[in-house]
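The values are calculated or read from the model by the stated rules, or taken from the named source; none is laboratory data. Just so it is clear, the model here is predicted, and its values are computed rather than measured. Please note: Cβ atoms are built from the backbone with ideal geometry, for glycine as well, and neighbour counts cover all protein chains shown. Protein only, heavy atoms only, side chains kept; ligands, DNA and RNA dropped before computing areas. Shrake-Rupley method; radii C 1.70, N 1.55, O 1.52, S 1.80 Å.
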Amino acid sequence: MAKKRRLNIILDTNWYVSASINRNSRRRLYELLTRENLTIFYSRELLEEYQAVISRKKFNKYIGIHQANRFINLVMTRLAPVEIKSPVHKSRDTKDNFLLSMSIDCTADYLVTGDPDLLELKKFEETIILTMADHGGTKYFEYYYERCVLTDLRTYFPQAPSYTRFVQLIPRCLMTLLYWMGQIRGRLAQATGLYFCG
């Protein structure tokens, strides 16, 4: 069986800030940090930005600076460091350029952010820029199909079409797929007594 390739990820500083004060964001971050197929990178610049943001007065009612330090130190045990060496001047907001530099220096597959100045780029070099909502969605599938199905798993799917062609073929196969799913669902119901709606 082909070995699953690890993906290199950068999370924007705001994701760490959100996870510091919000339980749902913290749970989502934990899920990412514990995935065996992901390597999440940080840099000195990212840590400095986190410290500057979390120290703002508006966050004092949610988390103290000592709690924030404990949180980020714990998170760092699950992150990989990268030293920024590549100068980049691509973002409209110059403060975001260090994230683009990171994406080059750690050969990131994804930069996950909510920043519109970065999201408008969509892709920088080999890094796909998307939101956390997108991550795991259709953009992730496109990447998975192109980088895994068409490369790592090519021996298992030697006649697999390009991603564009794959998407074009979906309408043709949809009715057959729905019929097949209906047959499977009916057999499962008969075998288990469990009936599925939808």
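Identify all residues within the range 31-61 that are farther than 25 Å from S101 by Cβ and surrounded by 13 or more Cβ atoms within 10 Å (Cβ to Cβ); write none if there are none.
From the range 31-61, those farther than 25 Å from S101 by Cβ are 31, 34, 36, 57-61; that's our starting set.
Correct list: F59 only.
Can you name the residue in the range 1-37 that is among the polar types (S, T, N, Q) and closer than 16 Å to A80 by Cβ and, of all such residues, is modelled with the highest pLDDT?
Going residue by residue through the range 1-37, those that are among the polar types (S, T, N, Q) are 8, 13-14, 18, 20, 22, 24-25, 34, 37.
If we keep only those that are closer than 16 Å to A80 by Cβ too, we end up with 8, 34, 37.
Values: N8: 93, T34: 87, N37: 83.
So, considering only residues that are among the polar types (S, T, N, Q) and closer than 16 Å to A80 by Cβ, the one modelled with the highest pLDDT is N8.
Does N24 satisfy the criteria of being touching a residue at least 60 places away in the same chain (Cβ under 8 Å), closer than 18 Å to G114 by Cβ, open to solvent by 60 Å² or more (accessible area, probe 1.4 Å) and not in a strand (DSSP E or B)? Walk me through how you get there before you give the answer.
Details: touching a residue at least 60 places away in the same chain (Cβ under 8 Å): no; closer than 18 Å to G114 by Cβ: yes; open to solvent by 60 Å² or more (accessible area, probe 1.4 Å): yes; not in a strand (DSSP E or B): yes.
Considered against the rule, which asks whether it is touching a residue at least 60 places away in the same chain (Cβ under 8 Å), closer than 18 Å to G114 by Cβ, open to solvent by 60 Å² or more (accessible area, probe 1.4 Å) and not in a strand (DSSP E or B), N24 comes out as no.
Of the residues F141, F166, which is under 15 Å from the mean Cα position of the chain (by Cα), over 28 Å from F98 (Cβ atoms) and either at pLDDT below 65 or part of a helix (DSSP H, G or I) (or both)?
On the way: F166 fails: under 15 Å from the mean Cα position of the chain (by Cα).
That would be F141, the only listed residue that is under 15 Å from the mean Cα position of the chain (by Cα), over 28 Å from F98 (Cβ atoms) and either at pLDDT below 65 or part of a helix (DSSP H, G or I) (or both).
If I filter the range 92-103 for residues that are among the acidic types (D, E), under 22 Å from S18 (Cα atoms) and touching a residue at least 12 places away in the same chain (Cβ under 8 Å), do I get at least one hit? Spell out how you get there, then give the answer.
Within the range 92-103, the first condition is being among the acidic types (D, E), and the residues that meet it are 93, 96.
Within this subset, residues satisfying the condition of being under 22 Å from S18 (Cα atoms) are 93, 96.
Going one step further and asking which of them are touching a residue at least 12 places away in the same chain (Cβ under 8 Å), we end up with 93, 96.
Within the range 92-103 (the criterion being among the acidic types (D, E), under 22 Å from S18 (Cα atoms) and touching a residue at least 12 places away in the same chain (Cβ under 8 Å)), the answer is yes, since at least one residue qualifies.
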